[in-house]
Amino acid sequence: MELLPTLEFGLLNGWILLGILYLELAIAMAALPRPVVNRLYDRSDWNREKMPYVMLGKLFSLASIFLIIFSPLKMDTAVFYLGLVLLGLGLIGLAVALVNYKNAPLGRPATNGFYRFSRNPQIVSLATSFFGMGFAVGSWLIMATLFISFIFQYFFLIREEERACLTQYGDAYREYMEQVPRFLLIF
């Protein structure tokens, strides 16, 4: 691992791993029924005052993506293989979480499958995937920008999403919050 990655155009850069993630997301969004996708991205009940902070977090996400795209993969190193394992786990988790979300009854919070272990399995899976990419290119700077991005997501995106879910689902979501942690075993 190095602090600053060597940024360069290359065929064996992190863009390959990022492309795999976005290909999975594109296939999932095309395969999911339109009402499920609309529900997945519905932000109508969100507090607009927090949006500047959400956007600031997105800037750190974009910085991470830029660094991943232009950073060479650290192939034949332990961190590269660790990164591939994390990326694979994240991709599988994301696919399963999206299917679990699709199968949740309308008008009720998703509580099946991976949602029994985390209220945010999609976020956990995406974080695992992105940190896997950070390991695969071997950059502490990418890890730091990802960490900052997820801190902003925690305080301004995930908490806002939970507030909207409480408004939408009421006591059913409150009970769910009491039984299932926000992320896996913590929070």
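The numbers here are math on the coordinates, done by the rules we state, and not lab data. Keep in mind the model is a prediction, meaning the values are calculated, not measured. Here the Cβ positions follow ideal geometry from the backbone for every residue, glycine too, while neighbour counts run over all protein chains shown.
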### Query
Along the charge dipole of region 20-146, which of 31, 131, 91 sits closest to the positive end, that is, farthest toward it, with unit charges on the beta carbon of Lys, Arg, Asp and Glu (+1, +1, -1, -1)?
31
### Query
Using a Förster distance of 35 Å, how high is the FRET efficiency between residue 62 and residue 96, based on the Cβ-Cβ distance and rounded to 0.05?
0.85
### Query
Near the amide H of residue 139, under 5 Å away, which other amide H atoms are found, from residues 5 or more places off or on another chain, if H is placed in the peptide plane?
2
#### Entry: Three-way shape call for region 52-179 based on the alpha-carbon gyration tensor, with the a/c threshold at 1.5
oblate
## Note on the structure
With 0.36 nm assigned to each residue of separation and the Cα-Cα distance removed, residue 76 to residue 41 gains 8.7 nm
### Message
Using 0.36 nm times the number of residues separating residue 30 and residue 89, minus their current alpha carbon distance, what extension gain do you get?
### Response
19.1 nm
#### Entry: Alpha carbon centroid spacing (whole Å) that separates region 114-160 from region 1-50
12 Å
### Task
Please pull out the direction-averaged projected area of region 1-113, using the convex hull of its alpha-carbon atoms, in nm² to one decimal place.
9.3 nm²
### Task
Only Cα pairs under 8 Å and at least 6 apart count here; give the relative contact order of region 52-179 as a rounded whole percent.
37 percent
## Note on the structure
Taking a straight Cα-to-Cα line shorter than 16 Å from residue 50, and setting aside same-chain aspartates and glutamates fewer than 8 residues away, one finds 42, 160, 161, 162
### Summary
With only helices counted (DSSP H, runs n ≥ 4, each -39500 (n - 2.57)), the per-residue ellipticity at 222 nm for the chain, to the nearest 500, works out to -21000 deg cm²/dmol
